[in-house]
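Asks: Starting off with a structure, shown below.
The values are calculated or read from the model by the stated rules, or taken from the named source; none is laboratory data. Not measured: the values here are computed from a predicted model. Methodologically, a virtual Cβ is constructed for each residue, glycine included, from the backbone with ideal geometry; neighbour enumeration extends over all protein chains shown.
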Amino acid sequence: MLKKLIATSVAAATLFSIGMSSTYAEENNQTLPAQENNYTSSLAAEQLQAARATLTFRWSGLQNRVASSSFKTSGGDLPITIVQWTDDPAGSPVMGYQLVNDSGFEIPGFNPIFVNGTFKANNTIRTFTNVPAGTYRVRVINYGSYAVSGNGNIVY
């Protein structure tokens, strides 16, 4: 699993060259840096989270729906961070975020996560749970009557 995460991004390789575990080093005949023993388990967990890939997407003046580019995940819980607002200050967003297959078609059992309200100065985080391994897109759906702008990212 560690090798797979390292391959995910250059940043991951940098993090793991610093935070390599003693077990991994012994198995691969590598020497740990002297400062490695100063890391706490919570820091190691933060490094693992930071090493996961992130897909960022944005939209402007959305009236109906739009889908992100595709991403491939090994599965599990996928947190999605959302910022959304209406272009008309009198309105309030009524949005849905749904995982769809790589072709953009709905997947049975993958219901949208509904997010109502404005999140502009702050974001909101929701989670797609127990997602099977596969290739997906995030569909952003505007259920309201006002055009909505925003952005988000999903950690996979």
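Asks: Six or more apart or on different chains, Cβ atoms under 6 Å: show the pairs whose first residue is in the range 76-105 and within 24 Å of Tyr146 (Cβ to Cβ) and whose second is outside any strand (DSSP E or B) and of a type in the set (A, V, I, L, M).
Replies: Correct list of pairs: Asp87/Ala147.
Asks: Anything in the range 129-156 that is out of contact with any Phe, Trp or Tyr (no Cβ under 8 Å at 6 or more places or on another chain) and not in a loop (DSSP other than H, G, I, E, B)? List them, or say none.
Replies: Selection gives Thr129, Asn130, Val131, Gly134, Asn142, Val155.
Asks: For residues that are in contact with a Pro (Cβ under 6 Å, 6 or more places away or on another chain) and either surrounded by 14 or more Cβ atoms within 10 Å (Cβ to Cβ) or over 19 Å from Trp59 (Cα atoms) (or both), tally how many sit in the range 119-140.
Replies: Taking the range 119-140 first, the residues in contact with a Pro (Cβ under 6 Å, 6 or more places away or on another chain) are 125, 127.
Retained after the next criterion (residues that are either surrounded by 14 or more Cβ atoms within 10 Å (Cβ to Cβ) or over 19 Å from Trp59 (Cα atoms) (or both)): 127.
Selection size over the range 119-140: 1.
Asks: Does Phe110 count as assigned to a loop (DSSP other than H, G, I, E, B), closer than 18 Å to Ser70 by Cα and either assigned by TED's automatic domain parsing to the domain that holds Gly61 or under 16 Å from the mean Cα position of the chain (by Cα) (or both)? Please lay out each step first, then the result.
Replies: Details: assigned to a loop (DSSP other than H, G, I, E, B): yes; closer than 18 Å to Ser70 by Cα: yes; either assigned by TED's automatic domain parsing to the domain that holds Gly61 or under 16 Å from the mean Cα position of the chain (by Cα) (or both): yes.
The answer is yes for Phe110.
Asks: Go through (1) at pLDDT 95 or above; (2) surrounded by 12 or more Cβ atoms within 10 Å (Cβ to Cβ) for Tyr156 and report which single condition fails.
Replies: Result: Tyr156 fails condition (1) only.
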